[in-house]
Amino acid sequence: MSRPSRTTAFALAGVAAIAVVASAVWLRASDDPSSAGSSGAASEAVKPAGGTDPKAAPERWIGPQGRTGQFVAHCRYSHSGQNDPIVHPNMAGMSHLHDFYGSVDTDQDSTAKSLHHSKTTCDKGADSAAYWHPALLDHGKVVTPNDLSAYYRAAPGVDPKDVEPFPFGLMLLAGDQTATTPQPGEATGWTCGSRTDLHDDPPTCTSGAPLHLVLTYPDCWDGEYLDSEDHVSHATYSAGGRCPKGFPVHIPQLSVAIRFPISGEGHDLSLASGNIYSAHGDFLNAWDPAGLEREVRACIHRNAVCDLGSNRQEEDLFQAN
């Protein structure tokens with residue numbers, strides 16, 4: 001039975017499709033094809049754990065699409081595997097089952113350099129980043145997802161012109177894979193279609209607005225490290241439009257919405273990582289730096305709403321139900 005919903009402050013603008021080890025392989029600054037981004041080259045060192053609260057509650061926009069500048073990458077489902085190149089790099093089969101989107105080459109050995117310019121399932125050719133989350137199970141059987149939509153915008157209260165593109169190779173996590181009870185805040189949640197209310201438990205959805213998992217990633221970066229020992233201490237969430245001390249760089253607030261072919265009654269849902277509350281997601285930035293910078297400048301900096309036209313069909317279906 002679904003718990004009372006949490007109203008987000010996030011414009012889930014017509015959703016169309018959409019723990020910890022220290023022995024990781026870290027992308028070195030010399031791997032960045034752009035040599036240096038607007039924030040300079042990131043350190044090849046690994047940031048020690050403990051700098052942030054991984055359960056910090058992000059804020060989100062509320063209301064219809066068009067309230068804030070954003071761009072969207074719509075990505076088809078690519079493949080699944082028991083791999084996680086952030087948490088278990090170079091360790092095939094060490095992870096629970098994940099579903100992957102974006103770069104078609106993502107596996108346990110992936111780095112931003114290896115994924116750069118790889119084929120992608122996203123509708124933006126410059127987006128060879130990797131997105132993944134634990135597989136969804138229904139009565140113990142794996143559910144093949146439909147697709148993922150990745151929304152990039154300024155976080156609530158942040159001046160869009162202050163947002164800088166992700167540094168090449170940045171690794172981000174959203175949610176807590178060890179959670180056994182509802183996670184605090186708005187980093188994870190379930191909803192139907194393009195609704196903006198999130199639930200701790202998957203709600204019962206109609207076929208016109210099927211089940212979606214929504215994940216929101218940190219939007220403040222420390223400006224130095226691409227990853228950290230616990231994979232969360234190098235980035236955190238803003239509050240009231242401000243990043244906390246030690247995290248001076250505003251990066252895009254990335255929210256992804258994953259669409260599953262789940263509607264109606266009679267489902268018994270869980271995740272490959274455990275119970276339904278263990279929802280989480282990973283992001284490895286392998287966007288072509290020039291392409292990502294173009295999107296940030298053209299859409300976020302100009303406060304322009306880009307790429308949302310393809311969402312209209314599902315919005316119409318949702319309104320009809």
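Assuming 0.36 nm per residue, please report the length gained on full extension of the stretch V104 to N303 beyond their Cα-Cα distance. Gain on stretching V104 to N303: 68.5 nm. How high is the relative contact order of region 136-222, given as a whole-number percent (alpha carbon pairs under 8 Å, six or more residues apart)? For region 136-222, the relative contact order is 22 percent.
Which residues does the label zone of A239 cover in region 147-188, counting backbone N under 16 Å from a point 7 Å along Cα→Cβ? Within reach of a label on A239, which here means backbone N under 16 Å from a point 7 Å along Cα→Cβ, region 147-188 contributes 156-158, 184-187. Annotation: extensible slack from T178 through S118 equals 18.4 nm (criterion: 0.36 nm per residue apart, minus Cα-Cα distance). The stretch between A92 and S80, if pulled fully straight at 0.36 nm per residue, gains 3.1 nm over its current Cα-Cα span.
When each of the peptides 125-131, 261-267, 110-116 is scored by how many other beta carbons lie within 10 Å of its residues on average, the order from highest to lowest is 125-131, 110-116, 261-267.
Where the centroid of each part is defined by its Cα atoms, how far is region 170-216 from region 82-139 in Å? Region 170-216 and region 82-139 have Cα centres spaced 20 Å from each other. Taking 16 Å as the straight-line reach from the Cα of K47, the lysines in range (excluding those fewer than 8 positions away in the same chain) are K245. Each peptide in 277-283, 212-218 was scored by the mean count of other Cβ atoms within 10 Å over its residues; highest first, the order is 212-218, 277-283. In the context of the full set of protein chains, residues of region 191-273 present 31 Å² of accessible surface per residue (probe radius 1.4 Å, heavy atoms only).
Within the accessible surface of region 130-235, defined with a 1.4 Å probe on protein heavy atoms only, the carbon and sulfur portion equals 45 percent. Once you sort the root eigenvalues of the Cα gyration tensor of region 167-319 as a ≥ b ≥ c, which label holds: rounded (a/c under 1.5), prolate (a/b larger than b/c) or oblate (the other case)? Because a/c hits 1.5 or more and a/b fails to exceed b/c, region 167-319 counts as oblate.
The values are calculated or read from the model by the stated rules, or taken from the named source; none is laboratory data. A quick note: this is a predicted structure, and the numbers were derived from the prediction, not measured. So basically every Cβ, Gly included, is an ideal-geometry build from the backbone, and we count neighbours across all protein chains shown. Surface areas here come from the heavy atoms of the whole protein model, side chains and all, with no ligands, DNA or RNA. Shrake-Rupley method; radii C 1.70, N 1.55, O 1.52, S 1.80 Å.
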